[in-house]
1. Could you tell me what a quarter of the Cα convex hull surface of segment 709-845 works out to, in nm² with one decimal place?
2. Nearest 20 debye, what's the magnitude of the dipole of the chain about its Cα centre given +1 on Lys and Arg Cβ and -1 on Asp and Glu Cβ?
3. So what is the calculated 222 nm ellipticity per residue for the chain, using -39500 (n - 2.57) for each DSSP H run with n of 4 or more, over all residues, to the nearest 500 deg cm²/dmol?
4. How much length would be gained if the chain were fully extended between Val337 and Ile78, taking 0.36 nm per residue of separation minus their Cα-Cα distance, in nm to one decimal?
5. Could you check the simple spin-label distance between Lys66 and Ala581, using points 7 Å along Cα→Cβ, in nm with one decimal?
6. Between Val876 and Met620, what length in nm is gained on full extension when 0.36 nm per residue of separation is reduced by their alpha carbon distance?
7. Roughly what angle does helix 2-20 make with the longest principal axis of the chain, taking Cα atoms, 0 to 90 degrees, to the nearest 10?
8. Find the accessible area per residue for the chain; the probe is 1.4 Å, ligands and nucleic acids are left out, and the unit is Å².
Amino acid sequence: MINFKVNFIRLILILLPGILLPKNLHAQELDLKQKITIEFSEIPFYKVLDSIAEQSNISFSYNPKKIPTHSLVSVKAIEKPVSEILDDLLKEMRIRYFVVEEQIVLKMLEQMKDEKKVRESFTLNGYIRDVTSGEILVGATVVSVDPVQGTISNGYGFYSITLPEGLYSIRFSFLGYSCIEKEIKLFGDKILDIELEEDTSMLDEVVIRADENLPEIQKSQMGKVNIHPHDVQDMPALMGEVDVLKSLQSVPGINFFSDGSTLFYVRGGNKDQNLILLDEAPVYNPAHLLGFFSVFIPDAVKDIKVYKGNLPSQHGGRLSSLIDIKTKDGNMRHFGVSGNMGLIASRLSVEGPIIKDKSSFFVSGRRSYLKLYLINDNPDLNDLYFSDLYGKMNFRINRNNRLFFSGYYGKDYFRTSSSDQNSSGINWGNLVGAIRWNHLFNDRLFSNTTLYASKYDYFLVTSYEKKYQWNSHIANIGFKSDFTWYIRPESTLRFGIKFGGNNYNPGNFEMGDIPEGTYFPLVPRKNSQDFALYVSHEHQLSDRISLQYGFRLTTWENIGESVEYTFDQDHNPIDTTRYEAGESYHSYTNFEPRLGLLYQIGENSSLKASYTRTSQYIHMITNSVSPFTALEVWLPSGPNIKPQLADQLSIGWSKNWPMKGWHFQTEAYYRVMNNQIDYNPHAKMLLNPLFESELRFGEARAYGIEYFLKKTSGRLSGWVGYSLSKTKKQISDLYDNQTFPAFNDRPHKLSLYLNYELSKRTRFSANWILSSGAAITTPTAFYEYNGYTVPIYGDKNNDRLPPYHRLDLSFDIRLNKIESRFEHNLNLSVLNIYGRENPFSMNFNKILTDEGEFIIPGNFEKDFELVSSQIYLYKVIPSINYKFRF
């Protein structure tokens, strides 16, 4: 009550001059009824006052610090009284005028500090797009210059910012695009769609404003990395095939298995703990050609976001990371064609409007021609290729509703003939589809509803003619609805639900029309359904402190038709239970809290801390550590497999140098992972209905610190990253329950990526990576038994492969003039330019000394003790690539 009275008295004191001195009060010497003529369009306010003063001999008095003298205004008055001109002009600007001592005094209706307490707030919202194509821009920055308040456009280009009524200078920016600054009169809710123009200049210095790094400085989200598609396109590539996933190899905290592999590990997690989303739908196997390439066509990708462990509440289902990939919507204004011709594959993309500015399409395809290189030396080779096809359509029904239809189909195919005219081989593929509906309820509440489906199949074919094949399969269909409520600039609420159904084939042998299980054991298929509810609130408590808190509640349910086996403590089967179709027989529920805290030290620096719990209900079951296999079996949690759980604590510091375009961040993390899966020695996993008896479970711990420095302006751009980390495991009933380094433990990793614009038409890039070798187990001794030499092994993963390092270079030449509509480039790349032999496997040769004792490798750094034969993939690989677009 006391505060109300104080505020009321303040309000009266503010309004008192306007009440006592009404705006038509004036001295006799001032004639406000005199008529004048003025006409201006979008000029500063003070120039209008100067013109009125010059024509009427009336002087104005005001405080330029409180009156927005540089705001752009338009006025048109022909032979109108000065009083009417001032009434019309100043009313919208919230300015009152009155006469004091033969002059007109201008004052704002409220004083600055009290204004925040009494002024009504209004919302500015809209979509941010590319001016040429109409493509939405994800993550564009919207900032009020004074006072500094900001937001970013969401995954569908929508932004919303709520401010007290008044005049604002609003800046819209996006990396690689020219910045736009607009004067906004916010005296009511306002819709403003913005179109930004791509900055095509290559030599001019690009000034990166402070607001372009606002998400990293002012947001409490940790472990997030944005990769711009242009950076991916500029990176050196194997055989000219630019790879979206392998571009992450230079990001600290992400380790790849070896050369030629898309298997990756994030902050100590396993390879199946990474969720990859393509337009909201999961992709289960992102590998082509046994891992040499990924399934993502770079020409089709619009946005790439990477979350390392600190998953937002709206995402879940994996422990370690989220790779969120959005594809292009298609040009809504012009037809376009782009393509690429490389040494092993070519790709072509077509896009354009269906109805201009209302709907568009985008189609992109790729196919390899590996057979051409191998057929002469392999006459029995029938075919060998991989292919991809992306398709997308989007429709703007009206301002508040938009529909997206997207799909992807990718396939790997290998077939060879034998002497008896029987052909065999392997093939696998992904099929992904999604329908998304964007709906704007009002200027602050945005929703995205998605219906998606995804399927992955692997076939090991012994006879194409007889249809004899081993098949592993996972498929799911899901529905999710996400809501974002932009309450105020300092308060954003996100909430939503998700549910879906899943089907699994752990691997069965199919023999045409012969019923399964006739000649080979039948491995029971599995079914499950899941549900998730999440809420997340991001709240700026003060100018320096922000808090993000929320939770994700997940439930998991196993349903029939299926068969489950019960095992005793020694992993022997003791019972069998059959469940009918649709019967629910087992479930799990987990509560996953998320918490983030930010303390902003200054305008360009902040400290962060976060805690995240995640759960994972599906698991890749394979005891192979080879990077060159697509033989993967996915299984759900159930009576014998508990969900994997992870708790991660992180702290970090971010710093910007905006005028120089530099950004630095460092993060330290500690993660505990429970119910981690390992395998009994010599486990039998293929065609074994009792394969769950081969599984062993335990705990893993990962901790480390990461440093990341990037430069985004000028002719030289790029980043350097370093991580120091440790990952250890302890598995019950294995290795005497001792703790051992995980296979994916890489204590040190240093990466450097540089991109230099030599001229308007030439560009040079380099990518260098150095990391510790993978942890492996080597013999510590040998002994003779019945004429055989038998190795003796000590601790698990007691050794390491040699350190991995490689330098890749790329040189890009633009063949056309900059102003030409037809663009074409020639790219020359060299991978592993100094020919480093990076092994991914070792075989041991038993060498005797003169005394008859075995030489045992104990230190791979000393060449004279190295008695293993190393298998490496390649040395120097040059390539040439031609790209075009028109």
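1. Averaged projected area of segment 709-845's Cα convex hull equals 13.6 nm².
2. With only Lys, Arg, Asp and Glu charged at Cβ, the dipole is about 1960 debye.
3. Mean residue ellipticity, 222 nm, calculated: -2000 deg cm²/dmol.
4. The Val337-Ile78 span can extend by a further 87.9 nm.
5. For the pair Lys66/Ala581, the computed spacing is 7.8 nm.
6. Additional length available on full extension: 88.8 nm.
7. 40
8. 45
The values are calculated or read from the model by the stated rules, or taken from the named source; none is laboratory data. Model, not experiment: these values are computed from the prediction. For neighbour counting, all protein chains shown are included, and Cβ atoms are generated from backbone atoms with ideal geometry for every residue, glycine included. Just the protein is used for accessible areas: all its heavy atoms, side chains included, with ligands, DNA and RNA removed. Shrake-Rupley method; radii C 1.70, N 1.55, O 1.52, S 1.80 Å.
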